[in-house]
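S.K.: Before anything else, here's the structure in question.
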Amino acid sequence: MKKLSARLDGLGTTIFAEMSALALRTGAINLGQGFPDQDGPAAIRELACAAIRDGHNQYAPGPGIAPLRRAIAEHRRRFQGLEVDPEHEVEVTTGATEAIAAALLGLVDPGDDVLVLEPYYDSYRAMIQMVGARRVPVTLRAPDFRLPIDELRAAVTDRTTAIVLNTPHNPTGAVLTREELAAVAEVAIEHDLVVVSDEVYEHLTFDAPHVSIATLPGMVDRTVTISSAGKTFSFTGWKVGWATGPADLVAALMGAKQFLSYTSGTPFQHAIAEALTLPDAYFADFAAQLRERRDLLGAGLAEAGFEVFHPEGTYFVTTDISGLGFDDGLAFCRELPHRAGVVAIPHQVFHDERPDGSNPGRTLVRWTFCKQPDVLETAIDRLRRARLRQ
Ligand code: PMP
Ligand code: GLN
């Protein structure tokens, strides 16, 4: 009897599940999986409760409830100046995770090559594999994780059909510049590629503004942009995400989504429709708060002896552990809760191992700062006191 589909072979358990279970088992502070330890706005939470009480409890329409689709279109207009048709160019999904899955299932064929920025968010790798396509990594390297444009160009083959982009980038915290995005756009246009742009951290940039690649000339018709209410409003457990893009690409994505979940949680959609109308100050304050936490954790990690790479966006800061005498991030992260009572995530699982056995992320470790300052301070204190240097 066959026990495992080749489509799942080698994927294993997600690192987030492994490390969160470890945090629970050891009582360590979980700076691994990126979820805030404070819920989003109380008024929005109340709207979800009210939606349940008011009887919004049956299937939503497949593309999402109309008020949410309208709010998403308005949000695209307000923050990126894009005109999106809420009827045909928006698809509400069960988190960005489902949008990624549906985009890849709907737009990529077995045997296609898909370019993906490495380190890659783990669901890209899984979904590209499940689709039966080939992932072709383009590597962002420490210390500054800039896009190697020549390598991107060289990675295109005659089987390349799509680029999965992610900016602000998890796990490095890099925010692609307009120039980098223009280079991606040039490649996409020249080779007639679709771009699946994961922008779930669109509101979490700290140094420079977020640019959506769909706003670049020639890109709006070939880009699917993915967002997450979980990230933008600190309700990661609600699993509300969405994709916007031209009607034909969104229809392809919807063709897959309707057989993944059919439709996404109705009451949460009502609440997020309102959340998207929050004033600009909400979004600015949220980024400012995370910026302070980035600075707090970054300084603390440096004090504890790590080499710290400055993140321009997201929930995450990356460090190198080699200066402390360690050479394997996965082993380090599995041990860290026992040694120091803190959980982090190794980069190496977001990289492909090279034929010679090397891995560009071997000594890199990611920490999340989307936690309250006293939690971050306790974690820093534990790391300092653990005297990690070998
Ligand atoms: N993409 C990236 C880059 C992420 O960091 C996350 C966070 N989980 C997701 C997608 C998935 O988002 P969601 O929780 O909305 O499914
Ligand atoms: N995006 C979050 C992270 O990178 C959560 C990942 C997950 O739960 N799959 O930590």
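S.K.: Looking at L31, L24, which one is over 18 Å from E274 (Cα atoms) and free of Cβ contacts under 8 Å to residues at least 24 places away in the same chain?
M.R.: Only one candidate qualifies: L24.
S.K.: Which one of L388, L336 is of a type outside the set (F, W, Y), crowded, with 16+ Cβ neighbours inside 10 Å and in a helix (DSSP H, G or I)? Talk me through it step by step, then tell me what you get.
M.R.: Numbers: L388 fails: in a helix (DSSP H, G or I).
Selected residue: L336, the only one of L388, L336 that is of a type outside the set (F, W, Y), crowded, with 16+ Cβ neighbours inside 10 Å and in a helix (DSSP H, G or I).
S.K.: While we're on this one: Looking at this structure, is R146 surrounded by fewer than 22 Cβ atoms within 10 Å (Cβ to Cβ), within 16 Å of ligand 1 (Cβ to nearest atom) and not hydrophobic (A, V, I, L, M, F, W, C)?
M.R.: It is false that R146 is surrounded by fewer than 22 Cβ atoms within 10 Å (Cβ to Cβ), within 16 Å of ligand 1 (Cβ to nearest atom) and not hydrophobic (A, V, I, L, M, F, W, C).
S.K.: Would you check if I226 is of a type outside the set (K, R) and within 16 Å of ligand 2 (Cβ to nearest atom)?
M.R.: Yes; evaluated as a whole, the condition is true for this residue.
S.K.: Can you name the number of the only condition in (1) more than 16 Å from ligand 1 (Cβ to nearest atom); (2) in a loop (DSSP other than H, G, I, E, B); (3) out of contact with any Leu (no Cβ under 9 Å at 6 or more places or on another chain) that V200 fails?
M.R.: (1)
S.K.: In addition: Keeping to the stretch 347-381, report how many residues are closer than 18 Å to P137 by Cα and in contact (Cβ under 8 Å) with a residue 12 or more places away in the chain.
M.R.: Counting residues in the stretch 347-381 that are closer than 18 Å to P137 by Cα and in contact (Cβ under 8 Å) with a residue 12 or more places away in the chain gives 10.
S.K.: A further question on this structure: Would it be correct to say that F283 is away from ligand 1 (no atom under 16 Å from the Cβ) and within 19 Å of S234 (Cβ to Cβ)? So that I can check it myself, show each step before the final result.
M.R.: Details: away from ligand 1 (no atom under 16 Å from the Cβ): yes; within 19 Å of S234 (Cβ to Cβ): yes.
Yes, satisfied.
S.K.: Run down G241, G255 and say which single residue is within 16 Å of ligand 1 (Cβ to nearest atom) and not polar (S, T, N, Q).
M.R.: Numbers: G255 fails: within 16 Å of ligand 1 (Cβ to nearest atom).
Matching residue, one of G241, G255: G241.
S.K.: Now a separate question. Collect the residues in the stretch 38-79 that are in contact with a strand residue (DSSP E or B) (Cβ under 9 Å, 6 or more places away or on another chain), among the small types (G, A, S) and assigned to a helix (DSSP H, G or I), keeping them in residue-number order.
M.R.: Hit for the stretch 38-79 is A73, nothing else.
S.K.: Being farther than 16 Å from P137 by Cβ, assigned to a strand (DSSP E or B) and touching a residue at least 40 places away in the same chain (Cβ under 8 Å) is the filter here; which residues of the stretch 174-197 pass it?
M.R.: V194
S.K.: Going by the conditions given, is G40 within 16 Å of ligand 1 (Cβ to nearest atom), of a type outside the set (D, E) and in contact with a Cys (Cβ under 9 Å, 6 or more places away or on another chain)?
M.R.: On the way: within 16 Å of ligand 1 (Cβ to nearest atom): yes; of a type outside the set (D, E): yes; in contact with a Cys (Cβ under 9 Å, 6 or more places away or on another chain): no.
In short, no.
S.K.: Sticking with this one: Closer than 28 Å to I345 by Cβ, buried (at least 21 other Cβ atoms within 10 Å of the Cβ) and away from ligand 1 (no atom under 16 Å from the Cβ) - does that describe any residue in the stretch 72-85? Steps first, please.
M.R.: Within the stretch 72-85, the subset closer than 28 Å to I345 by Cβ is none.
Scanning the stretch 72-85, I find no residue that is closer than 28 Å to I345 by Cβ, buried (at least 21 other Cβ atoms within 10 Å of the Cβ) and away from ligand 1 (no atom under 16 Å from the Cβ), so the answer is no.
S.K.: Same structure, new question: State whether one or more residues within the stretch 355-365 are in contact with a strand residue (DSSP E or B) (Cβ under 6 Å, 6 or more places away or on another chain), in a strand (DSSP E or B), within 16 Å of ligand 2 (Cβ to nearest atom) and modelled with pLDDT of 95 or more.
M.R.: yes
S.K.: Now for a separate question. Restricting attention to the stretch 250-269, report how many residues are hydrophobic (A, V, I, L, M, F, W, C) and surrounded by 24 or more Cβ atoms within 10 Å (Cβ to Cβ). Lay out the reasoning, then the answer.
M.R.: Of all residues in the stretch 250-269, those hydrophobic (A, V, I, L, M, F, W, C) come to 250-254, 256, 259-260, 268.
Subset that is surrounded by 24 or more Cβ atoms within 10 Å (Cβ to Cβ): 250, 253, 268.
Matching residues across the stretch 250-269 total 3.
S.K.: I'd like the residue in the stretch 302-327 that is free of Cβ contacts under 8 Å to residues at least 40 places away in the same chain and out of contact with any helix residue (DSSP H, G or I) (no Cβ under 8 Å at 6 or more places or on another chain) and, out of all such residues, is surrounded by the most Cβ atoms within 10 Å (Cβ to Cβ).
M.R.: The selected residue is A302.
S.K.: Now for a different question. Tell me, please, whether a residue that is within 13 Å of ligand 1 (Cβ to nearest atom), in a helix (DSSP H, G or I) and hydrophobic (A, V, I, L, M, F, W, C) can be found in the stretch 208-227.
M.R.: The answer is no, given that none of the residues of the stretch 208-227 is within 13 Å of ligand 1 (Cβ to nearest atom), in a helix (DSSP H, G or I) and hydrophobic (A, V, I, L, M, F, W, C).
S.K.: Continuing with the same structure: Say whether the condition of being in a helix (DSSP H, G or I), within 16 Å of ligand 2 (Cβ to nearest atom) and hydroxyl-bearing (S, T, Y) is met by at least one residue in the stretch 235-243.
M.R.: Yes - at least one qualifying residue is present in the stretch 235-243.
S.K.: Take the residues of the stretch 11-37 that are surrounded by fewer than 13 Cβ atoms within 10 Å (Cβ to Cβ) and not in a loop (DSSP other than H, G, I, E, B): which is farthest from ligand 2 (Cβ to nearest atom)?
M.R.: Result: R25.
S.K.: Note down all Cβ pairs under 8 Å where the first residue falls in the stretch 221-248 and is on the phi > 0 side of the Ramachandran plot, the second is outside any loop (DSSP other than H, G, I, E, B) and within 11 Å of ligand 1 (Cβ to nearest atom), and they're at least six residues apart or on different chains.
M.R.: Sorted first by the residue in the stretch 221-248, then by its partner, the pairs are K239/T94; K239/G95; K239/T97; K239/E98; K239/G230.
S.K.: Oh, and also: Out of A133, A102, A96, A162, report the one residue that is under 29 Å from Y315 (Cα atoms), touching a helix residue (DSSP H, G or I) at 6+ places or on another chain (Cβ under 9 Å) and away from ligand 1 (no atom under 12 Å from the Cβ).
M.R.: A162
The values are calculated or read from the model by the stated rules, or taken from the named source; none is laboratory data. Computed from a predicted structure; not experimentally measured. All Cβ positions, glycine included, derive from the backbone under ideal geometry; neighbour counts span all protein chains shown.
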